[in-house]
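One structure is given here, and the rest of the page talks about it.
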Amino acid sequence: MKGGKLLVFSAPSGSGKTTIVRYLLEQPELNLAFSVSATSRPRRVKEKHGEHYYFMSISEFKNHIKKGDFLEWEEVYRDNFYGTLKSEVDRLWAEGKNVIFDIDVVGGLRIKKKFPKETLAVFVKPPSVDELKIRLKKRSTESEDKINMRVAKASVELATAPQFDKIIKNYDLDEALEEARKLVLDFISTPATKSNSDK
Ligand code: 5GP
């Protein structure tokens, strides 16, 4: 596997990272393509197979694990597996794209470890855990139980922020979008032979 840059955006669910990733994908100068993850979680009404996720059963997912098809995978919530297929990154690199990931903190740090020079790992920080809960409730894609599960996980995830290359505080969305655009532009303009710590 070799090619362009990898941009990892990780954060607790509800922090606004998906909004940031979508915005970045619309910026032509960044030449980004979205890494579509595989998941065993149920499809939400508006989601499309192959666009938002590759939806599959738990047994299909486990089969891919056995075959070593994943760059990283994680049981993010119980029985909800998520993972990045190696074939997905290969496909997008073959198209000459920089690849952007909207994945959980553990997966994000794994990709950074596998490709230290090619990867910029960004942590998106929400104003507070209480604010996260409000955002998740507004989104109303999950049951109360699932929201509580996501909020409980958020505190653990927030503790991993210092391990990322950059932290974006998403207190004001417009500012966060602009900061993210600048960070990515700067990173993709720097040759991959230089690691972040050299900068
Ligand atoms: P959701 O169910 O809201 O789409 O995603 C739940 C969590 O799983 C989010 O934090 C999301 O970023 C993460 N996630 C999505 N795809 C992947 C992946 O390929 N690998 C890992 N490790 N996490 C992922």
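The values are calculated or read from the model by the stated rules, or taken from the named source; none is laboratory data. Just so we're clear, the structure is a prediction, and the values are computed from it rather than from any experiment. Positions of Cβ are generated from backbone atoms using ideal geometry, with glycine treated the same way; all protein chains shown enter the neighbour counts. Heavy atoms of the whole protein, side chains included, go into the accessibility calculation; ligands, DNA and RNA do not. Shrake-Rupley method; radii C 1.70, N 1.55, O 1.52, S 1.80 Å.
Worth pointing out:
- In order along the stretch 182-188, the phi-based Karplus estimate (6.51 cos²θ - 1.76 cosθ + 1.60, θ = phi - 60°) of 3J(HN,Hα) comes to 5, 4, 5, 4, 4, 5, 6 Hz; Gly and Pro are listed as x.
- Fraction of the pair-distance distribution of the chain above 32 Å, Cα-Cα pairs, percent: 11 percent
- Working ranking of peptides 47-54, 158-165, 78-85 by packing, defined as the average number of other Cβ atoms within 10 Å per residue, highest first, is 78-85, 158-165, 47-54.
- Kirkwood estimate for the stretch 1-103, i.e. one over the average of 1/r between Cα atoms, Å: 14.3 Å
- For the chain, the per residue solvent-accessible surface stands at 52 Å², with DNA, RNA and ligands left out and a 1.4 Å probe.
- Beta bridges per DSSP, both residues in the chain: antiparallel share near 30 percent.
- Heavy-atom accessible area, probed at 1.4 angstrom with all protein chains present, ranks Val8, Val151 as Val151, Val8, highest first.
- Equivalent-ellipsoid semi-axes of the stretch 81-132, from the Cα gyration tensor, Å, largest first: 25, 12, 11
- For Lys125, the residues whose modelled amide H falls within less than 5 Å of its own, excluding neighbours fewer than 5 places apart on the same chain, are Ile168, Lys169, Asn170.
- Solvent exposure of Glu144, expressed as accessible area, is near 100 Å², computed with a probe of 1.4 Å over the protein chains only.
- Of the accessible area of the stretch 42-107, computed with a 1.4 Å probe over protein heavy atoms only, carbon and sulfur atoms account for 50 percent.
- Within the full protein context, the accessible area of Lys166 is estimated at about 90 Å² for a probe radius of 1.4 Å.
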